[in-house]
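Step one of this worksheet: look at the structure below.
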Amino acid sequence: MHKITKSASFCYGHRLADHKGKCKNLHGHNGTAEVTLSSATLDSTQMVADFGDLGRALKQWLDENFDHKVILCSGDPLLKTLKEQGQQCFETAVNPTAEIMAQLIFKEMKALGFPVRKARVWETATSYATYSEDK
Ligand SMILES: [Zn+2]
């Protein structure tokens with residue numbers, strides 16, 4: 001099995017509703033997203049996919065959705081206030097944890113046709129969440 005991974009960095013703010021610790025407070029991260037593709041075979045250029053194509057798609061999605069935005073659960077009352085102030089927000093159906101962000105990136109890159117194996121979001125230099133459809 002061949003695998004390739006591309007990463008891209010982004011900045012975001014979020015908070016987690018009902019969190020018992022400090023993550024209940026609005027705070028920010030310099031995060032990194034990684035997307036890994038896999039394929040048993042290579043294309044005619046001997047690649048799983050072109051790093052440039054994957055990198056552009058990943059960066060574009062992050063720029064349009066997560067980068068320099070506040071990511072909040074759609075039930076968070078702060079959303080209304082931030083939007084009224086012209087702040088760009090990204091709404092998630094549930095708490096915007098690194099796990100949920102990794103799942104979103106996985107599904108978005110897969111929807112673009114990439115053979116996605118896993119997606120990972122590094123929330124800090126020592127903490128990441130990975131989503132894959134493997135058992
Ligand atoms: Zn956080």
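Where a number appears in this text, it was derived from the coordinates with a stated rule and is not lab data. Since the model is a prediction, treat every value here as computed from it, not as a measurement. Cβ placement follows ideal geometry from the backbone for every residue including glycine, while neighbour counts extend to all protein chains displayed.
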> Based solely on its DSSP helices, what 222 nm [θ] is calculated for the chain when runs of n ≥ 4 H residues each add -39,500 (n - 2.57) and the sum is averaged over all residues, nearest 500 deg cm²/dmol?
Replying inline: -8500 deg cm²/dmol
> Tell me, in nm to one decimal, what length is gained between Phe51 and Cys11 on full extension, where the rule is 0.36 nm per residue of separation less the Cα-Cα distance?
Replying inline: 12.2 nm
> What area, in nm² and to one decimal, does the C-alpha convex hull of the chain cast on average over all directions?
Replying inline: 9.0
> Which residue, Ala57, Ala111, Ala40, has the most motion in a Gaussian network model of the chain that connects Cα atoms within less than 10 Å?
Replying inline: Ala40
> Under a plain spin-label model, where a point goes 7 Å from the Cα along Cα-to-Cβ, how far apart in nm are Gln87 and Ser127?
Replying inline: 2.0
>> Explain nothing, just the number: relative contact order of region 1-73, from Cα pairs under 8 Å at least 6 residues apart, as a whole percent.
In response: 46
> Under a GNM of the chain (C-alpha, springs under 10 Å), which listed residue has the highest mean-square fluctuation: Gly31, Gly21, Gly52?
Replying inline: Gly21
>> Run the numbers for Asp134 and Ser39: contour at 0.36 nm per residue of separation, minus the present Cα-Cα distance, in nm.
In response: 32.8 nm
>> Of Gln88, Met109, Tyr128, which is farthest towards the positive pole of region 2-132's charge dipole, taken about the Cα centre with +1 and -1 on the beta-carbons of Lys, Arg and Asp, Glu respectively?
In response: Tyr128
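Nearest-5 percent of antiparallel DSSP beta bridges in the chain?
80
How large is the charge dipole for region 25-64, taken about the Cα centre, if only the Cβ atoms of Lys, Arg (+1) and Asp, Glu (-1) carry charge, to the nearest 20 debye?
Dipole about the Cα centre, nearest 20: 80 debye.
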>> Under a Cβ-only charge scheme (Lys and Arg +1, Asp and Glu -1), can you give me the dipole magnitude of the chain about the Cα centre, in debye to the nearest 20?
In response: 320
>> Mean-square fluctuation check for the chain, GNM, Cα pairs under 10 Å: which of Glu123, Glu84, Glu108 is largest?
In response: Glu84
> At a Förster radius of 35 Å, what calculated FRET efficiency corresponds to the Cβ-Cβ distance of Lys20 and Leu112, to the nearest 0.05?
Replying inline: 0.40
>> Using Cα-Cα distances under 8 Å and only pairs 6 or more residues apart, what relative contact order does the chain have, in percent?
In response: 28
